[in-house]
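Step one of this worksheet: look at the structure below.
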Amino acid sequence: MRPADPERVATSFLEDLFRRGRVEVPEEHRSATSFVDHRSSRLKTHEFSQSTTGEGLALVRRCFD
């Protein structure tokens, strides 16, 4: 058995977080076609914030559920 491709595993994890409504996307990073339900009362375990390098965004864990 071969190990799973790390990029595929990361993409799958991120998709799952979005599907379950666990990612908070700040207003400045949303668009009119955003598929994130920011009004959901689900606990947001992750959020997007500016990366530490200042280039792009980073997914940050806020808490555990």
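The values are calculated or read from the model by the stated rules, or taken from the named source; none is laboratory data. Bear in mind that the values here come from a model prediction, so they are computed numbers and not experimental data. Glycine gets a Cβ as well: all are built from the backbone with ideal geometry, and neighbour counts include every protein chain shown. Surface areas here come from the heavy atoms of the whole protein model, side chains and all, with no ligands, DNA or RNA. Shrake-Rupley method; radii C 1.70, N 1.55, O 1.52, S 1.80 Å.
Couple of notes before you dig in:
- Residue match in region 28-47 (condition: modelled with pLDDT of 90 or more and open to solvent by 70 Å² or more (accessible area, probe 1.4 Å)): no
- Per-region count, region 8-26, residues touching a His at 6+ places or on another chain (Cβ under 8 Å) and loosely packed, with under 11 Cβ neighbours inside 10 Å: 0
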